[in-house]
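Engineer: Provided herewith is a single structure, encoded as C-alpha cells, for subsequent inquiry.
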Amino acid sequence: MAHRKKVLLKVIILGDSSVGKTSLMNQYVNRKFSNQYKATIGADFLTKEVTVDDKNVTMQIWDTAGQERFQSLGVAFYRGADCCVLVFDVTAPNTFKSLDSWRDEFLIQASPREPENFPFVLLGNKVDLEPRAVSAKRAQLWCQSKNNIPYFETSAKEGLNVEQAFLQIAKNALAQQNSAVDLYNEFPDQIKLTNTQKPSGGGDSCAC
Amino acid sequence: MSSTVEVEPGAAPESVLVTADSCENFEHMNSSLEEIKNLIEIKQAAEESTIETVVSENLEETGNFSECDDDEDDYVQNSEWTSRKKQVFVLSMAGKPIYSRYGNEDKLAWLFGVMQTLVSFVQSTNDDCIKSIHAGDTTFVFLVKKPLILVTVSKTHESENQLISQLNYVFNQITSTLTLTRLNKIYEQRQNYDLRRQLTGAERLIDHLLDFTEKEPSFLLGAVQCLPLASSVRNTISSAITGACNKIKNLVFAILLANNKLITLVRMKKYCLHPADLHLIFNLVQASESLKNSENWTPLCLPRFDSSGFLYCHVSYLSEDCQACLLLLTVERDVFYVLSQAKQAIVEKLRRTNCLEAINNSLTTNEETCLTAGFTELRHYLYKCKSTAQFYQPSLAPPYTLEKERLLELYKRAHQHLHCSSRPLKLVFEKSSKEVVLAWDTKGFELYVVFEPLIDTTGAINLVGKLLNWIKNREDKLFHLNAPTF
C-alpha cells in the first residue's frame with residue numbers, strides 16, 4: 001500500500017469554560033496570548049503542521065466551547081477524533097472536578113473502538129497564577145486512575161510546556177493510528193452473476 | 001408544434017444503455033445505489049424535509065478563522081484561490097479532509113471542520129439535512145451521502161440540481177475506486193480514517209471528472225454520443241467482438257470507444273450499463289494517458305451496475321494506427337491472458353474487414369456543422385433520444401468555437417427550464433440580442449437548438465421539423481441502434 005507521508009490528526013480540546021482552551025491553542029498555533037476573555041461560540045478550528053518522528057503531521061484542532069449550551073454539538077464534534085485534550089484551571093477546583101464528566105461524555109459520544117486505550121492528554125493550565133487550588137500530585141493521581149493519561153502543567157500566557165504538550169498529543173494520536181485494523185481481509189469484492197436479472201436494475205432497469 | 005417524423009430519430013427496439021430520464025438522473029442518482037444492495041440509507045437525506053438557509057452576513061467574516069496562517073498558506077487571502085468559480089470539497093463525517101479541487105487540503109483542514117459543523121449543526125438541532133446556502137452570487141451546496149460529505153461552492157449559474165449531479169459523480173468516482181462496500185466498512189471500523197490513503201492517484205481522476213462534467217454536454221443530458229459509422233461497419237465491429245468473446249465465461253461488457261464517443265457496446269444478456277457508469281469509464285480512459293502504452297488490467301467498480309464489488313477490466317488501444325480504446329469487463333479476477341488473446345483476435349478481424357480504417361476515417365472527418373448541413377439560420381443543437389440514452393451534436397461553428405463555455409451555459413439554462421422540479425416546462429423559446437434558444441421536451445426526445453437572433457417562432461418551428469427529418473435520415477449512422485449481446 002502506498003502510504004502518504006502526511007498524516008492528518010483530528011484533535012478535540014475539552015474543558016469547562018474559561019480554563020484557557022482557546023488561549024492554549026492560540027499560543028500553540030500563533031504564539032500569541034491575550035488577557036482578554038472571548039468566549040468561543042460553538043467551536044473554533046485551527047490547523048497546525050508539525051513533524052513528529054520524521055513524519056509530517058497536520059493537526060486539525062477543534063477548539064470547542066466550554067459552555068453547556070453548546071453541548072448539543074457534542075456528537076458531531078467528537079466523532080472520529082484521534083486524540084482528546086482535557087483542560088482544567090489549576091486555580092479553579094471545580095474545573096478539575098468536571099474532568100470525569102468531560103471524559104465520560106466524550107467516550108459516550110465519540111464511542112471509540114477501544115475506549116480504554118483512547119489517547120487523552122490532561123493539561124493543568126494557568127500555572128502562572130496564584131493561589132494554586134489543585135496540586136500536581138492530585139492531578140497525576142487522577143491521570144493514573146484513568147489508565148495513565150499523560151499530564152502537563154501549562155501556562156498559555158507564558159507559553160510554558162505548550163509545545164511539549166501538543167507534541168505528546170500528536171505522538172499519542174499517531175501511535176493509535178498505527179495500530180491500524182486490517183482493511184484488506186474479508187472484503188467480498190467479487191460480483192456474483194446470477195442467471196436472473198437481479199434487483200440491481202430496480203428503477204434503472206432496462207427494458208431488455 | 002408537431003413534426004413529420006413518426007418515430008423519434010435514434011429510437012431502437014432495444015437499447016445498449018439503461019435509459020434514464022435525465023431528470024431522474026439528477027435527482028435520484030443515489031437511489032440506484034440503494035436499489036442495488038440496500039447498503040445504505042441514502043434516501044433518508046432526500047426524504048427528510050430540507051432547509052435552505054439564506055446567509056446575509058458578509059462572507060468575509062470567515063476570514064477570522066484564518067488570521068493565524070502564514071501568508072503563503074492562507075488561501076482565504078489568496079486571490080487566485082478565492083476567484084475560482086467553483087470549489088469542490090469532500091470530507092468524512094468526522095470532518096477530515098479527503099479532497100479539495102483547488103489548494104492543499106491539509107492547509108484547509110480548518111475549513112473542513114467548519115463544513116462538518118454546518119452539516120451536523122442542522123442535523124443535531126432539527127434532525128434535518130442542510131441542502132444549500134445562498135449568499136449573493138455564491139451558492140453552497142451540500143450533499144450528505146454517508147459515509148461522506150460533499151460540498152460545492154459555486155459562482156457559476158448552474159442550478160442546485162446540476163451542482164448536486166456533479167457531486168454525485170464525484171461520489172461515484174470515489175466508489176468506483178474503492179467500492180461502496182469497502183468505503184462503508186472502512187468507516188464502520190474507523191471513524192477517524194484518513195481516506196486519502198486509499199485514494200492516492202485517484203484525485204487525478206476526480207480533477208479530470210470535474211473538468212469533464214463542466215465541458216461535456218453528455219453529463220447534462222445523461223447520455224452518450226456515438227462515433228458516426230455506417231451501420232454495416234458498426235455491426236461488423238460488434239460481431240467481431242461477439243465472435244471472439246462469446247466462449248469466454250463471465251464477460252459482462254465489451255466497450256469500444258474513441259475520442260469520447262461510443263463505437264459499440266456488447267453486453268451479457270440481461271445486464272445493462274447505465275450512462276453514468278459509462279461516463280466514469282470515458283473519464284478513466286480520457287484521464288489516463290498511460291493506457292495508451294500497454295495492455296492494462298484494473299479493478300473497476302461501476303456503482304450503478306453494482307456498488308458492492310469490482311469488475312475486472314482489460315483496457316487497451318486497438319493498435320498503433322487506430323486509437324480506439326477497447327475495454328473488456330469481467331467478474332473474474334485472473335483472466336487477463338484470456339482477454340488479451342480475445343483482444344488480438346478482435347483486432348485481426350477488424351483489420352481484415354477494414355473496420356480499423358473506417359474508424360480512423362470517421363475520427364479524422366469533422367462532423368458537419370449546421371451550415372454545411374444546409375441549416376443557415378441554425379447555429380448549434382443537442383438532440384437526445386431518450387429511449388436509447390444517446391445524443392447527437394453537430395460540430396461547433398462560429399461564434400461558439402470561441403465561446404464553448406457560454407454555449408454550454410445556454411444549454412444548462414434551457415435544460416434547467418425543462419427539468420426544474422417545481423415547474424418543468426415542455427417548450428422554451430427564448431430570445432436575446434445574441435441568439436435564440438429553443439428547448440423542447442417530448443416523450444421520445446429532448447432537443448435544444450440555438451438559432452440566429454433574428455429568427456421568429458414560425459421560422460424556428462419549421463426548421464426544427466426539417467432538422468428532425470435530417471437526423472432521422474442519418475440515424476443509422478449517428479446512433480447505435482442495435483443492442484448486441486454475447
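Taken together, the values in this text are just the output of simple stated rules run on the coordinates, not laboratory data. All values derive from a computational prediction rather than experimental measurement. Positions of Cβ are backbone-derived with ideal geometry, glycine not excepted, and every protein chain shown enters the neighbour counts.
Engineer: How far apart, in nanometres, would the label points at B:LYS270 and A:ASN148 be if each is projected 7 angstrom from Cα along the Cα-to-Cβ direction?
Structural biologist: Label at B:LYS270, label at A:ASN148, 6.0 nm between them.
Engineer: Can I ask one more? Which pairs in the list B:LYS261/B:LYS386; A:LYS10/A:LYS55; A:LYS55/A:LYS146 are over 25 Å apart, alpha-carbon to alpha-carbon?
Structural biologist: On the way: B:LYS261/B:LYS386 17 Å; A:LYS10/A:LYS55 16 Å; A:LYS55/A:LYS146 28 Å.
In this structure, A:LYS55/A:LYS146 exceed 25 Å between Cα atoms.
Engineer: What is the antiparallel percent of DSSP beta bridges lying wholly in the protein assembly as shown, to the nearest 5?
Structural biologist: Bridges in the protein assembly as shown that DSSP calls antiparallel: roughly 70 percent.
Engineer: Each label point is 7 Å from the Cα along the Cα-to-Cβ direction; what then is the distance between the points at B:SER79 and B:ASP334, in nm?
Structural biologist: 6.1 nm
Engineer: Another question, then. Ranked from highest to lowest mean number of other Cβ atoms within 10 Å per residue, what is the order of the peptides B:449-461, A:132-144?
Structural biologist: Top of the packing list down: B:449-461, A:132-144.
Engineer: Let me ask something else about it. To the nearest whole number, what is the average tally of beta carbon atoms from other chains within 10 Å of the beta carbons of peptide B:300-310?
Structural biologist: Details: counts 0, 2, 1, 0, 2, 4, 5, 1, 7, 6, 4.
Other-chain Cβ atoms within 10 Å of each residue's Cβ, averaged: 3.
Engineer: Please tell me the relative contact order of chain B in percent, rounded to the nearest whole number, where contacts are Cα pairs under 8 Å and at least six residues apart.
Structural biologist: 20 percent
Engineer: Which order do the peptides B:388-397, B:420-429 take when ranked by the mean count of other beta-carbon atoms within 10 Å per residue, highest first?
Structural biologist: Put in order of decreasing packing, that is B:388-397, B:420-429.
Engineer: Sorted by average packing, counted as other Cβ atoms within 10 angstrom per residue and highest first, what order do B:12-18, B:437-443, A:102-108 take?
Structural biologist: Averaged packing, sorted descending, gives the order B:12-18, B:437-443, A:102-108.
Engineer: Quantify how strongly other chains surround peptide B:268-275 by giving the mean number of their Cβ atoms within 10 Å of each of its Cβ atoms.
Structural biologist: 4
Engineer: Something else about it: For the modelled label position 7 Å from the Cα of A:VAL75 along Cα-to-Cβ, which residues of the range B:121-136 have backbone nitrogen atoms closer than 12 Å?
Structural biologist: B:121-128
Engineer: Partner chain Cβ atoms within 10 Å, averaged over the residues of A:75-83 - can you pull that number for me?
Structural biologist: For this peptide, the per-residue mean of nearby foreign Cβ atoms is 6.
Engineer: Please give the net charge around B:THR365, taking every other residue with its beta carbon less than 14 angstrom from that of B:THR365, where Lys and Arg add +1 and Asp and Glu add -1.
Structural biologist: Counting the neighbours of B:THR365, the net charge comes to 0.
Engineer: If you add up the charges near A:ARG79, with Lys and Arg at +1 and Asp and Glu at -1, over every other residue whose beta carbon is less than 11 angstrom from its beta carbon, what do you get?
Structural biologist: Around A:ARG79, the charge tally is +2.
Engineer: Could you tell me the relative contact order of the range B:229-364? Use alpha-carbon pairs under 8 Å, at least six residues apart, and round to a whole percent.
Structural biologist: Answer for the range B:229-364 is 28 percent.
Engineer: First measure r as the distance between the Cβ atoms of A:ARG132 and B:ARG197, then evaluate 1/(1 + (r/R0)^6) with R0 = 60 Å and state the FRET efficiency to the nearest 0.05.
Structural biologist: 0.85
Engineer: Please compute the net charge surrounding B:VAL347, taking Lys and Arg as +1 and Asp and Glu as -1 over other residues with Cβ under 12 Å from its Cβ.
Structural biologist: Around B:VAL347, the charge tally is 0.
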